[in-house]
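Enquirer: There's a structure below that I have some questions on.
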Amino acid sequence: MSKSEVALRKLNRPLRVSEANRLGIPPAALYALEAQGKVERLERGVFVATDLHPLKHPDLAVAALRAPQAVVCLESALFFHDMTTHIPSSVSVAVQRGDHRPRGTSPPVKAYSFSSRSYASGIETHILDGVCVKIYSREKTLADCFKFRNRIGMDIVLEALHDYCSGPRRVDELLRQARACRMEQVMRPYLEAVL
């Protein structure tokens with residue numbers, strides 16, 4: 001077993017080529033391990049050891065590695081928080097207006113531009129498959145869904161609202177996030193109907 005293989009197994013998570021290089025694993029060694037079937041390429045520049053346990057959230061982990069400043073939002077955050085039955089076809093991420101928008105095909109990424117105030121509000125950090133992933137809170141996700149209701153569909157928004165109301169809820173925080181997204185007046189009639 002080579003030093004590169006040992007280092008990858010100790011790391012026990014997906015990693016970028018640049019990160020592997022900093023850890024003393026040259027790109028040529030990664031490509032050689034890929035040819036031997038000992039590592040798998042998840043996406044351009046992102047590798048994982050093949051003998052690791054299956055990843056639970058590979059799309060979110062790869063998206064976070066590709067764009068560490070991006071925050072998982074909308075349908076992807078709903079799916080992560082179990083607030084929808086809809087399976088997203090791409091990873092939805094929020095970026096601050098003016099920042100680099102991540103691109104890629106595996107997994108496909110849909111980037112949304114948020115204002116500074118809206119972007120910074122409600123961010124939670126989760127460790128998924130060994131990768132630090134930023135995801136919006138349940139309340140922030142719901143407020144964002146109302147904001148982008150014409151893009152994602154009102155049926156998904158209403159399902160998420162009913163799911164939110166049937167579980168643990170923090171109405172004060174939800175209203176605070178609605179104000180941050182400038183959606184309080186839009187959301188209030190729906191909240192009064194279900195709460």
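Enquirer: Can you give the charge dipole size of region 128-195 about its Cα centre, rounded to the nearest 20 debye, using +1 on the beta carbon of Lys and Arg and -1 on the beta carbon of Asp and Glu? Let's see the in-between values first.
Expert: Values: 12 positive and 10 negative charges, 62 e Å.
Computed about the Cα centre, the dipole is about 300 debye.
Enquirer: Next question. Would you mind checking the tilt of helix 27-36 against the longest principal axis of the Cα atoms of the chain, expressed as 0 to 90 degrees and rounded to 10?
Expert: In the chain, helix 27-36 runs at an angle near 80 degrees to the longest axis.
Enquirer: Among the listed pairs Lys3/Lys134; Lys10/Lys140; Lys38/Lys110; Lys110/Lys147, which have their C-alpha atoms separated by more than 27 angstrom in this model? Don't jump to the answer; show the numbers that get you there.
Expert: Values: Lys3/Lys134 32 Å; Lys10/Lys140 36 Å; Lys38/Lys110 31 Å; Lys110/Lys147 16 Å.
Pairs exceeding the cut-off: Lys3/Lys134; Lys10/Lys140; Lys38/Lys110.
Enquirer: Which residues' amide hydrogens lie under 5 Å from the amide hydrogen of Leu128, considering only partners 5 or more residues apart or on another chain, with H built in the peptide plane?
Expert: Val133
Enquirer: Still on this structure: Relative to the longest principal Cα axis of the chain, at what angle does helix 184-194 sit, 0 to 90 degrees, rounded to 10?
Expert: 80
Just so you know, all these numbers are worked out from the coordinates, no wet-lab data involved. Note that the coordinates shown come from a computational prediction; the quantities given were computed from them, not determined experimentally. Virtual Cβ from ideal backbone geometry, glycine too; neighbours counted across all protein chains shown.
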